[in-house]
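Enquirer: Okay, handing you the structure first.
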């Protein structure tokens, strides 16, 4: 397969399918770009491959947010990501989300194995193999606003706040930074 054709194929594949496809076509000298591989590895640490079809079928657009995402993204290939990391899952949709209980069931069924949560209905879970703590409250809580501990997801420096995010369907597979210029403050509330 010509490298140009591989680029077209890779661009059309869902994030979780990139790595397995690259392994199949790798014997022909075709490989993922550095960004594609890191992006795919991060999502593969969180979700089982079967999740791709559910997300596409339901029109879900997923994102991950967290200050630890930069560390995870840069170290995903080396498997030196055993450090505790905290991320927040965000979900947008092209059609009405529908029943949150069904969505919650689909998400939990697609996650990599989790440690037993503190209580049965917890929307903050820790994945066994990667030591990622995943906050699902914004995605599954059904609330418009979610109160968080800012230092879990944002680095607070003297006069700036920053964090990182990735989108599930980002065609450039880029780790993106959120900086102080991306926030608004109103009546002591902070928003993105």
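Enquirer: Apply 1/(1 + (r/R0)^6) to the Cβ-Cβ distance of residue 108 and residue 70, taking R0 = 41 Å, and write down the FRET efficiency to the nearest 0.05.
Expert: 0.95
Enquirer: Using a 10 Å cut-off on Cβ atoms, rank the peptides 132-139, 67-74 from the highest mean neighbour count down.
Expert: For the peptides 132-139, 67-74, the packing ranking is 132-139, 67-74.
Enquirer: Grab the beta carbon distance between residue 56 and residue 155, set R0 = 22 Å, and tell me the FRET efficiency rounded to 0.05.
Expert: 0.10
Enquirer: Run the simple label-point estimate for residue 95 and residue 176 please: 7 Å along Cα→C-beta, distance reported in nm.
Expert: 2.5 nm
Enquirer: How would you rank 109-115, 123-129, highest first, on the average number of other Cβ atoms within 10 Å across their residues?
Expert: Top of the packing list down: 123-129, 109-115.
Enquirer: Could you check the simple spin-label distance between residue 129 and residue 147, using points 7 Å along Cα→Cβ, in nm with one decimal?
Expert: So the label points at residue 129 and residue 147 sit 3.6 nm apart.
Every read-out reported here was derived from the displayed coordinates using simple, explicitly stated rules and does not represent laboratory data. Only a predicted model underlies this, so the values are computations on that prediction, with no experimental measurement involved. Heads up, the Cβs are rebuilt from the backbone with ideal geometry, glycines too, and the neighbour counts pull from every protein chain shown.
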